[in-house]
Amino acid sequence: MFVLQILITSLVTGTQVLLLAAGLYLIYTVTRTIHIALGASTMAGAYAYYLAFTLGWPWYGCLFAGILFSALLGAVCYLLLRNYIHKSQVLLALLVSIAFGVAIEAALAMGFGPEGRYLMDGILPTFDFWGVHITQVGVFTLFVGLIAGIAAYIVLHMLPQGRVVRAIAQHPQCASLLGIKERKVQFISYVVAGVVAGIVGILTGLNSAITPYAGLQPIAMAFMALLVGGLTDFRGVVVAAYLLVLIPEFLVSGSFGDITFSASWKLVFVFVIALIILAFKPNGVFSSVTRKS
Amino acid sequence: MLMIAGCSDAGYEPVNSTQETKTPPATTQEAPKEVMTVKLGSILPMSGDASAYGIEMKRALDYRMNEVNAEAEKNGYKIELIIEDGKCDGSSAVNAFQKLTDVDGVKFILGGGCSSESLGIAPLLADKHVVALSAFSSNPEIEGKSPNLFSLSYSDKLVGEGLTAELGKYKKVALISEQNDYNQGIKKIVEATLKEKYPDAQVVSNEEFPKGSTDFRNMLDKVKSSGAEVVLLNPNVGVTAESLLKQIAEIKDWKVKYVTQFAYLNDKILGIAPETAEGMVIVDVPSISDEKFVDYKAKIVAANGTLDNLGSFYTATALDSLNILTKLYVDTKGDADAAQKALSTDTFTGWSNSTLTFGGKSFVQGVNVAVYIVKGGKAELQK
């Protein structure tokens with residue numbers, strides 16, 4: 001039962017990381033940039049929800065406010081980065097994204113204070129079965145992850161919009177020649193990633209608490225999942241996100257004779273596991289060795 | 001000599017040392033033409049995890065400062081209390097200290113607030129001839145760290161030994177501690193005292209979590225699976241403590257005894273999960289029940305806002321630290337070295353204790369801890 005409990009709780013965290021990694025993946029696929037500010041956007045969306053909550057809005061109004069604000073931040077970030085994207089100045093784009101993320105965090109800290117906030121009052125209701133428990137928010141997180149995964153697969157592989165995204169990912173110039181509006185697709189990608197980030201922030205806030213700087217660890221893990229997954233291989237990103245959460249959680253939760261690891265070791269294990277995987281599979285978990293020309 | 005502290009009509013008991021009143025010149029009744037500004041510094045956690053303490057302490061100090069200055073201005077003085085943010089960490093406290101001493105020329109500092117802040121500035125005090133009096137730093141490492149650093153708080157050693165006395169009643173003990181100076185100090189004392197005095201008590205789980213964490217679910221399941229009979233909850237005050245209690249409450253089939261420190265001496269937090277907190281043992285100093293103090297504290301709350309996190313004891317030490325420092329400044333004419341000697345040897349009176357003496361030590365002597373038990377979402381003093 002203990003193993004099952006750790007597995008269930010870790011799947012919730014893994015889904016949150018996966019959703020963020022999916023946003024990073026989408027943006028990288030169409031722009032070849034790493035949008036680190038997405039981490040700060042998760043908390044910005046959560047704080048917008050919190051503000052609406054304190055103003056007494058109904059839950060759907062708070063949800064709308066949170067998601068809308070994150071989407072707007074995504075749009076603003078694209079406008080800040082578009083010149084670097086189009087000139088393929090990847091490093092500058094990364095630096096600007098980091099700076100934007102820091103600015104968002106500082107603004108949240110100044111506006112709301114650095115101490116944690118809750119998005120709902122009282123104890124979270126839980127489902128209890130087979131000797132394990134999971135919060136209702138945790139169930140909803142898993143559900144959102146499942147729906148998002150199915151939707152992403154359908155869009156990318158069955159709908160024209162997905163073909164457009166894959167075309168830009170494969171060859172942006174050829175895609176432009178075929179009449180695909182590259183900039184419009186990139187803008188939409190940033191907005192969609194912002195929406196996903198807002199949802200992740202709100203789910204995180206409902207499940208525990210929010211602070212202005214709480215987006216840093218999830219985005220670091222999402223970035224590692226993207227790297228380990230293989231940057232442009234969505235299957236790899238999915239597997240990597242769960243591997244990088246589940247393995248450290250089990251290592252920290254278990255005991256090996258007299259040896260136990262505290263929660264502080266989690267991030268250490270994340271990076272060690274990522275390094276090990278990348279040492280053997282530098283192009284991603286599902287990459288294969290190809291002959292170089 | 002200037003009388004600044006000791007306005008009994010403002011609700012404060014005068015400190016227990018000789019006070020002289022400045023006698024105006026015989027030929028004139030006019031007030032002094034110039035008002036001299038006397039600067040005192042303060043290093044408090046105004047942001048970060050312990051900001052609740054810093055903000056509430058500032059409320060108490062601001063209220064008292066109005067009274068002190070109302071009296072001081074009649075005698076041609078005005079006291080300016082310059083508060084810098086120590087952020088509850090050593091390096092920020094050092095930056096704050098350097099700003100206070102190098103830019104503002106301060107020699108008397110009220111602080112650090114957190115133990116991290118006091119430990120951070122301790123090595124700098126003697127060389128710069130600055131004296132510091134903290135209202136709530138409690139890490140035992142402060143003892144002897146600097147001859148110029150004093151604390152009106154009790155040492156965590158007292159609390160740690162009190163917690164251990166409660167934990168030692170059980171055979172299987174689990175410890176959950178946050179990774180910051182205060183909580184790690186408590187943890188080390190508990191571990192050492194358990195080993196020394198309660199060898200039959202076995203620590204079956206010893207978990208730590210990073211400072212400011214908010215998700216403890218897997219860690220709590222790990223502690224639950226260890227089979228512990230009693231759990232020491234050792235988080236910092238505020239959202240961390242609240243989140244920990246909320247997530248414990250989610251585990252419906254976990255019946256275990258909880259022992260904790262002042263982070264849970266807060267009816268608002270206990271009221272969030274009263275069933276889970278029922279029977280929780282909290283070890284801390286007794287709250288101050290003196291009627292005059294209770295009334296005075298109520299006035300501060302009415303004027304400036306809640307002091308729930310600071311509590312009655314630390315509100316008292318905050319006021320005492322300001323009164324003692326201002327009195328010493330006046331008595332020594334701003335000589336920090338003389339003030340250091342006075343703090344080491346003299347006896348003072350304050351809200352927190354009728355007899356405040358350091359006796360050559362860093363911590364005020366004679367403070368004892370008490371035990372509270374939570375009943376119906378409220379902590380009730382037992383002894």
Residue pairs qualifying under the 8 Å Cβ cut-off, at least six apart or on distinct chains, with the first in region A:161-184 being closer than 15 Å to A:ILE27 by Cβ and the second being exposed (fewer than 15 other Cβ atoms within 10 Å of the Cβ), are A:GLU182/A:SER176; A:ARG183/A:HIS86
Selection status of B:TYR296, in a strand (DSSP E or B) and either aromatic (Phe, Trp, Tyr) or under 16 Å from B:GLU56 (Cβ atoms) (or both) | no
Quick one: in region B:95-121, of everything that is farther than 23 Å from B:GLY334 by Cβ and of a type in the set (A, V, I, L, M, F, W, C), which residue is surrounded by the fewest Cβ atoms within 10 Å (Cβ to Cβ)?
-> B:LEU119
Hey, B:VAL231 more than 8 Å from chain A (Cβ to nearest Cβ), open to solvent by less than 10 Å² (accessible area, probe 1.4 Å) and outside any loop (DSSP other than H, G, I, E, B) or not | yes
State whether one or more residues within region B:316-323 are part of a strand (DSSP E or B), within 30 Å of B:ALA165 (Cβ to Cβ) and in contact with a strand residue (DSSP E or B) (Cβ under 7 Å, 6 or more places away or on another chain).
-> no
Being in a loop (DSSP other than H, G, I, E, B) and modelled with pLDDT under 95 narrows it down to one of B:TYR182, B:TYR154, so name that one.
-> B:TYR154
Taking region B:173-187 as the search range and keeping residues that are within 19 Å of the chain's Cα centre (by Cα) and away from chain A (no Cβ under 13 Å), which one is most open to solvent (accessible area, probe 1.4 Å)?
-> B:ASP181
Counted residues, region B:255-269 - those being within 14 Å of chain A (Cβ to nearest Cβ) and surrounded by fewer than 16 Cβ atoms within 10 Å (Cβ to Cβ) = 1
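Specify which of the listed residues (A:VAL191, A:VAL144, A:VAL237) is in a helix (DSSP H, G or I), among the hydrophobic types (A, V, I, L, M, F, W, C) and buried (at least 23 other Cβ atoms within 10 Å of the Cβ). Steps first, please.
Working: A:VAL191 fails: buried (at least 23 other Cβ atoms within 10 Å of the Cβ); A:VAL144 fails: buried (at least 23 other Cβ atoms within 10 Å of the Cβ).
That would be A:VAL237, the only listed residue that is in a helix (DSSP H, G or I), among the hydrophobic types (A, V, I, L, M, F, W, C) and buried (at least 23 other Cβ atoms within 10 Å of the Cβ).
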Can you name the condition, by its number, that B:THR240 falls short on among (1) within 14 Å of chain A (Cβ to nearest Cβ); (2) in contact with a Phe, Trp or Tyr (Cβ under 9 Å, 6 or more places away or on another chain); (3) surrounded by fewer than 23 Cβ atoms within 10 Å (Cβ to Cβ)?
-> (3)
For region A:204-218, how many residues meet the condition of being open to solvent by 10 Å² or more (accessible area, probe 1.4 Å) and either of a type in the set (A, V, I, L, M) or farther than 30 Å from A:GLU115 by Cα (or both)?
-> 3
For region A:58-74, pairs from a residue that is under 12 Å from A:GLY201 (Cα atoms) to a residue that is among the polar types (S, T, N, Q), with Cβ under 8 Å and 6 or more apart or across chains, are A:SER70/A:SER41; A:SER70/A:THR42
Scan region A:241-256 for residues that are facing chain B (nearest Cβ under 10 Å), crowded, with 17+ Cβ neighbours inside 10 Å and touching a residue at least 60 places away in the same chain (Cβ under 8 Å) and report the count.
-> 2
Determine whether region B:275-291 contains at least one residue that is in contact with a helix residue (DSSP H, G or I) (Cβ under 7 Å, 6 or more places away or on another chain), within 14 Å of another protein chain (Cβ to nearest Cβ) and open to solvent by 30 Å² or more (accessible area, probe 1.4 Å).
-> yes
Given (1) touching a residue at least 60 places away in the same chain (Cβ under 8 Å); (2) within 13 Å of chain B (Cβ to nearest Cβ), where does A:ILE259 come up short, assuming only one miss?
-> (1)
Before we move on, is B:ILE248 part of a helix (DSSP H, G or I), open to solvent by less than 20 Å² (accessible area, probe 1.4 Å) and away from every other protein chain (no Cβ under 14 Å)?
-> no
Is region A:122-141 home to any residue that is at pLDDT 85 or above and more than 14 Å from chain B (Cβ to nearest Cβ)?
-> yes
Looking at region B:341-357, which of its residues are within 20 Å of the chain's Cα centre (by Cα) and in a helix (DSSP H, G or I)?
-> B:LEU343, B:SER344
Criterion (under 21 Å from B:ASN309 (Cβ atoms), of a type in the set (S, T, N, Q) and either under 28 Å from the mean Cα position of the chain (by Cα) or more than 8 Å from chain A (Cβ to nearest Cβ) (or both)) met by exactly one of B:SER226, B:SER213 = B:SER213
What are the residues in region B:345-362 that are closer than 19 Å to B:VAL130 by Cβ and open to solvent by less than 20 Å² (accessible area, probe 1.4 Å), if any?
-> B:PHE358, B:SER362
In region B:191-220, what count of residues is obtained for those that are open to solvent by 20 Å² or more (accessible area, probe 1.4 Å), in a loop (DSSP other than H, G, I, E, B) and either of a type in the set (A, V, I, L, M, F, W, C) or over 23 Å from B:GLU166 (Cα atoms) (or both)?
-> 6
Residues located in region B:367-380, provided they are open to solvent by 90 Å² or more (accessible area, probe 1.4 Å), assigned to a strand (DSSP E or B) and either closer than 25 Å to B:THR349 by Cα or β-branched (Val, Ile, Thr) (or both) | none
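The values are calculated or read from the model by the stated rules, or taken from the named source; none is laboratory data. Quick caveat, the model's predicted, so the values are computed rather than measured. No Cβ is skipped: glycine too gets one built from the backbone with ideal geometry, and neighbour counts run over all protein chains shown. Please note that ligands, DNA and RNA were not included when accessible areas were found on the heavy atoms of the full protein model with its side chains. Shrake-Rupley method; radii C 1.70, N 1.55, O 1.52, S 1.80 Å.
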